[in-house]
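Below is one structure, written out as structure tokens; comments come after it.
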Amino acid sequence: MPDATQDCPTPFWEAKRLAEMSAAQWESLCDGCGKCCLEKYEDEDTGAIHYTNVACRLLDCHACRCTDYAHRAARVADCITLTPAHLADSSWLPETCAYRRLAEGRGLPDWHHLICGDPEAVHRAGASARGRVVPEQTVDDPLMHLVDWVR
């Protein structure tokens with residue numbers, strides 16, 4: 001009896017290194033959690049990254065997507081356009097981030113839209129910033145908004 005898995009192609013994120021992916025494949029890895037668009041601080045002594053619940057002014061806090069993705073780097077001075085080179089040290093990205101997980105040799109979680117086919121699954125799994133963040137325009141001191149993201 002033939003092996004049924006022979007007919008299933010290997011998903012691109014398992015077959016290619018991050019640097020080998022097309023632009024469309026790279027962009028499709030984003031799970032839409034919105035956590036990379038939150039203010040973070042690095043502890044100068046330990047290098048640990050501390051998250052806040054303060055969202056970038058361009059983040060749609062419900063959709064967890066940038067409202068001006070094409071121009072974000074020009075509009076937000078410290079916005080990082082993620083590339084494979086940035087993943088040499090991915091500790092500043094959330095533990096659940098697909099880019100970080102793949103860079104660290106871990107697979108995608110079951111709730112990732114490329115696995116389950118549902119872009120809302122990240123929110124139902126509690127792995128997104130939806131319902132847990134505030135816009136930066138409403139905050140005087142982001143350091144007063146430190147959070148410990150469980151997911």
Among the residues of region 83-99, count how many are crowded, with 18+ Cβ neighbours inside 10 Å and not small (Gly, Ala, Ser). 5
Conditions first: (1) assigned to a helix (DSSP H, G or I); (2) touching a helix residue (DSSP H, G or I) at 6+ places or on another chain (Cβ under 7 Å). Glu39 passes all but one, so which condition is the exception? (1)
Could you name every one of the helices (runs of 4 or more DSSP H) located completely within region 66-151 that has at least 2 residues being in contact with a Leu (Cβ under 8 Å, 6 or more places away or on another chain)? 72-75, 98-103, 113-116
Residues in region 106-117: is at least one within 25 Å of Glu42 (Cβ to Cβ), surrounded by fewer than 19 Cβ atoms within 10 Å (Cβ to Cβ) and at pLDDT 90 or above? yes
What's the number of the condition Pro2 fails, among (1) modelled with pLDDT of 95 or more; (2) out of contact with any strand residue (DSSP E or B) (no Cβ under 7 Å at 6 or more places or on another chain)? (1)
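Among the residues of region 89-97, is there at least one that is in contact with an Asp or Glu (Cβ under 8 Å, 6 or more places away or on another chain), under 24 Å from Gln25 (Cβ atoms) and at pLDDT 90 or above?
For region 89-97, residues in contact with an Asp or Glu (Cβ under 8 Å, 6 or more places away or on another chain), under 24 Å from Gln25 (Cβ atoms) and at pLDDT 90 or above: present.
The values are calculated or read from the model by the stated rules, or taken from the named source; none is laboratory data. Only a predicted model underlies this, so the values are computations on that prediction, with no experimental measurement involved. Positions of Cβ are generated from backbone atoms using ideal geometry, with glycine treated the same way; all protein chains shown enter the neighbour counts.
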